[in-house]
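**Q** Have a look at this one before I ask anything.
The values are calculated or read from the model by the stated rules, or taken from the named source; none is laboratory data. No experiment lies behind these values; they were computed from the predicted model shown. Virtual Cβ from ideal backbone geometry, glycine too; neighbours counted across all protein chains shown.
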Amino acid sequence: MARILYVRLPCNPIFPIGVVYLADHIHKVFPEVEQRIFDLGTVPPLDFSAALDRCVDEFQPTHLVFSWRDIQIYAPVGGRGGNPLQYTFEFFYSRNPLVKARGAVGLTRIAQSYYGELWRNLGLIKRGTRRAERYTPNVQLVIGGGAVSVFYEQLGKSLPKGAIVSVGEGEALLEKLVRGQDISSERCYVVGERAPRQRLIHEQPAPLEKSACNYDYIASIWPEFEYYLQDQDFYIGVQTKRGCPHNCCYCVYTVVEGKQVRINPADEVVAEMRQLYDRGIRNFWFTDAQFIPARRFIADAEDLLQKVLDSGMTDIHWAAYIRADNLSPRLADLMVKTGMNYFEIGITSGSQELVRKMRMGYNLRTVLQNCRDLRAAGFNDLVSVNYSFNVIDETFDTIRQTIAYHRELEAIFGADKVEPAIFFIGLQPHTHLEDYALKQEILKPGYDPMNVKPWTVQKLLWNPEPLGSFFGEVCLQAWQRNPNDFGREVMNILEQRLGRADLEEALTAPIAPQESQLVGSKS
Ligand code: B12
Ligand code: SF4
């Protein structure tokens, strides 16, 4: 009889929804299989190895399932070792040697903690496997999760022979492993047997209709579950659908989850939320790649939120990734009534021309109208607007357009409510942007996306010349002048230097005689 131990590798405390769903699924298919969840996110670092040993000794698994959530560290915001973006820009763009040196030291510190975490996690996988082999010599090692899905090609090189490396959802794979069936058609490969198939990540996930997670069962196999219930600040993950049909040039979600949107039945989602609600949870994060992936899914989102409202869970808050072009007045009203208290508008640019070139499929005029509807419906919380300057074909004119667009959002919500989040896109494997960078010879074929040498980071933190040093300089000035309100300061500096376009210009995208090369790149 299989005994499955799920080990969530160390991670900033974020609810381990991935292993919870896997264990729930396996329990529904094989109620007799024994399972245990062990979350290293709740264990102090000094105790990782000993706690893992104890758990393996106690449970003696036949299947050791490691879930690895995140690896990438060059986040635009303050990360574990400081602000990688700031250090990178200080190192590359500052003319002041002291600031340059500070950037170099900061980057070294970040690289140390990055490689430290990488080696530590690989060490934990090997240690757990050796330990489990004491009890089950042919213990089955399986590794998956968000980080593995993105870096599956690179990670295989450092994992033990025989380990199964899984891409995307793991339900179907684990089911086959428990049954002892052939897994060659699953999105996975076995280390040491053969290299991953070409374009493995582009293969479609198995269709699966998800039912409400059984949290009574989860509580029975996960002694530390309570940890996430104690702190009122946690946003507990609930998935309402999988997949995104879009093609945004920098995004890997659409390949990890696939393009086909699979909706989880609204009643099941509400039933899952209700179980968490009854355990005291009031904050939910709908972990979908996109909560409203396209206009044709507006009705599903309305249906879900109406059911949340009817369920009487009126004192909750929720957040999600939301495309602000796919709203209806009714949906906006339901969002406000059901407690959406954080809203991100991921438009990347306020220039319709660039939004089209990035393949984002947004209509910026519609986004503005929907924001007006949202405001009219009573939304009065913080709105974060993501801008990534210099992604593709940016010019001073398109920057002026972005400023015009941003000022219009401020006019709608109030300047104090709209926070510009300045990102520099992290270039990820399997995206159109990666294709483009290879074609433009910015990256060389065979480059290692997990390598964090400063010159690699500089390329992966997409900010190419000729505008790269201009933005580097603007950002450095903003950090110097107003580090606590970086985004607004960047917008102000850009407006002072370049001025502002007419809003109408920002909203109009003339069809270029020759499309950008990115638009022609393969999917
Ligand atoms: C929602 C989300 C968030 C939300 C999470 C909210 C919450 N409270 O849960 C927020 C916005 C907070 C967030 C933050 C971050 N995120 Co995030 N996030 C996602 C997203 C869109 C969905 C994750 C999710 O929960 N999915 C639903 C659950 C059910 O799926 P899952 O956990 O992936 O598990 C499934 C599979 O992975 C698989 N699986 C999991 N484990 C295992 C193990 C085995 C053996 C097998 C076979 C299968 C398997 O089966 C599971 C069930 O189907 C993914 C992208 C994506 N589309 O997957 C990125 C993603 C996970 N995030 C990512 C990152 C980097 C981050 C940040 C670190 C970003 C940053 N630099 O600041 C932060 C910090 C997170 C932290 N630890 O503190 C990366 C991780 C990979 C990487 N590049 O390193 C992803 C993949 C996106 C990306 N761009 O690459 N994130
Ligand atoms: S809409 Fe969002 S999830 Fe979908 S491809 Fe674009 S960025 Fe990715």
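**Q** Could you list, in sequence order, all residues of the stretch 197-223 that are crowded, with 19+ Cβ neighbours inside 10 Å, within 14 Å of ligand 1 (Cβ to nearest atom) and assigned to a loop (DSSP other than H, G, I, E, B)?
**A** Pro205, Lys210, Cys213
**Q** I would also like to ask the following. Looking at Gly237, Gly280, Gly243, can you tell me which residue is under 20 Å from Gln204 (Cα atoms), in contact (Cβ under 8 Å) with a residue 12 or more places away in the chain and among the small types (Gly, Ala, Ser)?
**A** Details: Gly237 fails: under 20 Å from Gln204 (Cα atoms); Gly280 fails: under 20 Å from Gln204 (Cα atoms).
Only one candidate qualifies: Gly243.
Rundown of residues vs (1) surrounded by fewer than 18 Cβ atoms within 10 Å (Cβ to Cβ); (2) modelled with pLDDT under 95; (3) in contact with a Leu (Cβ under 9 Å, 6 or more places away or on another chain), yes/no style:
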position: Leu124; (1), (2), (3): no, no, yes
position: Ala132; (1), (2), (3): no, no, yes
position: Tyr135; (1), (2), (3): yes, no, no
position: Leu141; (1), (2), (3): no, no, yes
position: Ser149; (1), (2), (3): no, no, no
position: Tyr152; (1), (2), (3): no, no, yes
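**Q** Looking at the structure I just gave you, is Asn12 at pLDDT below 90 and either surrounded by fewer than 20 Cβ atoms within 10 Å (Cβ to Cβ) or within 16 Å of ligand 2 (Cβ to nearest atom) (or both)?
**A** Working: at pLDDT below 90: yes; either surrounded by fewer than 20 Cβ atoms within 10 Å (Cβ to Cβ) or within 16 Å of ligand 2 (Cβ to nearest atom) (or both): yes.
Yes: the conditions hold for Asn12.
**Q** Would you point out the residue of the stretch 1-48, among those that are touching a helix residue (DSSP H, G or I) at 6+ places or on another chain (Cβ under 6 Å) and among the hydroxyl-bearing types (Ser, Thr, Tyr), that is farthest from ligand 1 (Cβ to nearest atom)?
**A** Step by step, filter the stretch 1-48, then rank; the result is Thr42.
**Q** Shifting gears a bit: I'm trying to understand the selection: among the residues of the stretch 268-288, which are in a loop (DSSP other than H, G, I, E, B) and within 24 Å of the chain's Cα centre (by Cα)? Write out each step before concluding.
**A** First pass over the stretch 268-288, keeping only residues in a loop (DSSP other than H, G, I, E, B): 279-282, 287-288.
Scanning the stretch 268-288 gives Ile281, Arg282, Thr287, Asp288.
**Q** Please go through the stretch 85-120 and pick out each residue that is touching a strand residue (DSSP E or B) at 6+ places or on another chain (Cβ under 8 Å) and buried (at least 21 other Cβ atoms within 10 Å of the Cβ). Give the derivation first.
**A** The first filter runs over the stretch 85-120 and keeps only residues touching a strand residue (DSSP E or B) at 6+ places or on another chain (Cβ under 8 Å), leaving 85, 88, 106, 109-110.
Matches in the stretch 85-120: Leu85, Thr88, Ile110.
**Q** Considering only the stretch 224-242, state which residues are at pLDDT 95 or above, assigned to a loop (DSSP other than H, G, I, E, B) and near ligand 1 (Cβ under 9 Å from one of its atoms).
**A** Residue satisfying the conditions is Gln239 alone.
**Q** Pairs under 8 Å by beta carbon, first residue hydrophobic (A, V, I, L, M, F, W, C) in the stretch 78-93, partner modelled with pLDDT under 60, six or more apart or different chains?
**A** Cβ pairs passing all conditions: Leu85/Tyr74; Leu85/Ala75; Leu85/Pro76; Leu85/Val77.
**Q** I need the full set of residues from the stretch 278-330 which are crowded, with 16+ Cβ neighbours inside 10 Å, more than 16 Å from ligand 2 (Cβ to nearest atom) and of a type in the set (Val, Ile, Thr), in order please.
**A** If the condition is that a residue be crowded, with 16+ Cβ neighbours inside 10 Å, more than 16 Å from ligand 2 (Cβ to nearest atom) and of a type in the set (Val, Ile, Thr), then Ile281, Val308, Ile316 are the ones that fit.
**Q** For the subset of the stretch 22-72 comprising residues that are outside any loop (DSSP other than H, G, I, E, B) and without any contact (Cβ under 8 Å) to a residue 24 or more places away in the chain, which member is surrounded by the fewest Cβ atoms within 10 Å (Cβ to Cβ)? Can you show your working first?
**A** The first filter runs over the stretch 22-72 and keeps only residues outside any loop (DSSP other than H, G, I, E, B), leaving 22-29, 34-42, 45-59, 63-67.
In the following step, the residues that additionally are without any contact (Cβ under 8 Å) to a residue 24 or more places away in the chain were identified as 46-47, 50-51, 54, 58.
Working: Leu46: 8, Asp47: 11, Ala50: 10, Ala51: 15, Arg54: 13, Glu58: 11.
Result: Leu46.
**Q** Okay, next question. Among Ser384, Ser388, which is the only one that is within 16 Å of ligand 1 (Cβ to nearest atom), out of contact with any Lys or Arg (no Cβ under 9 Å at 6 or more places or on another chain), over 14 Å from Arg407 (Cα atoms) and of a type in the set (S, T, N, Q)? Even if it seems obvious, please write down each step before you answer.
**A** On the way: Ser384 fails: over 14 Å from Arg407 (Cα atoms).
That would be Ser388, the only listed residue that is within 16 Å of ligand 1 (Cβ to nearest atom), out of contact with any Lys or Arg (no Cβ under 9 Å at 6 or more places or on another chain), over 14 Å from Arg407 (Cα atoms) and of a type in the set (S, T, N, Q).
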